[in-house]
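Have a look at this one.
The values are calculated or read from the model by the stated rules, or taken from the named source; none is laboratory data. Model, not experiment: these values are computed from the prediction. Please note: Cβ atoms are built from the backbone with ideal geometry, for glycine as well, and neighbour counts cover all protein chains shown.
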Amino acid sequence: MVAQAPRPRREASPERWRAALNRAEKEGIEIRQLVGSGGWIATSGRDRHSAYELEVTGGLVHGCACLAAQHDDPVCKHRAAFLAEFGGFEAVAA
């Protein structure tokens with residue numbers, strides 16, 4: 001069996017953040033706060049019955065449970081949607 005080379009880590013860029021927000025808007029991703037725990041979720045763009053947990057501390061989103069984030073991608077449409085709705089998107093997309 002041949003060992004696979006590790007995938008190069010994707011980098012965040014303003015273009016990637018804008019593309020992620022564009023996908024989030026096209027797919028109708030919504031951000032919700034859970035009443036009981038105060039946690040945050042983002043709806044799935046592909047499965048209307050699923051949502052992804054967002055890691056939010058002090059109003060800053062720094063993680064997501066989606067596949068992109070599980071593969072160490074620093075940019076995902078769920079985090080982009082959170083930043084666009086609650087502030088901070090301009091800073092990452094500048």
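Among the residues of the range 62-81, count how many are within 15 Å of Arg16 (Cα to Cα) and free of Cβ contacts under 8 Å to residues at least 60 places away in the same chain.
In the first step, residues of the range 62-81 are kept if they are within 15 Å of Arg16 (Cα to Cα); the result is 68-69, 72-81.
Keeping just the survivors that are free of Cβ contacts under 8 Å to residues at least 60 places away in the same chain gives 68-69, 76-79.
So the count comes out to 6.
Same structure, new question: Looking only at the range 56-94, filter to residues that are of a type in the set (Asp, Glu) and part of a loop (DSSP other than H, G, I, E, B); which one of those is surrounded by the fewest Cβ atoms within 10 Å (Cβ to Cβ)?
Asp72
So which pairs qualify, if the first residue must be in the range 17-46 and over 12 Å from Arg79 (Cα atoms) and without any contact (Cβ under 8 Å) to a residue 60 or more places away in the chain, the second must be in a helix (DSSP H, G or I) and of a type in the set (Asp, Glu), the Cβ gap must be under 6 Å, and the two must be at least 6 apart or on different chains?
Close Cβ pairs satisfying both conditions: Gly45/Glu27.
On to the next question. Please work out which residue is surrounded by the most Cβ atoms within 10 Å (Cβ to Cβ), limiting yourself to the range 2-23 and to residues that are among the aliphatic types (A, V, I, L, M) and modelled with pLDDT of 95 or more.
Taking the range 2-23 as the starting set, the residues that turn out to be among the aliphatic types (A, V, I, L, M) are 2-3, 5, 12, 19-21.
Filter once more, so that each one left must be modelled with pLDDT of 95 or more: 19-21.
On the way: Ala19: 15, Ala20: 26, Leu21: 21.
So the residue we want is Ala20.
Also, I was wondering about something else. Find the residue count for the range 31-55, including only residues that are surrounded by 14 or more Cβ atoms within 10 Å (Cβ to Cβ) and modelled with pLDDT of 95 or more.
So the answer is 11.
Hey, Lys26 hits all of (1) at pLDDT 95 or above; (2) closer than 14 Å to Cys64 by Cβ; (3) not hydroxyl-bearing (Ser, Thr, Tyr) but one; which does it fall short on?
For Lys26, the failing item is (2).
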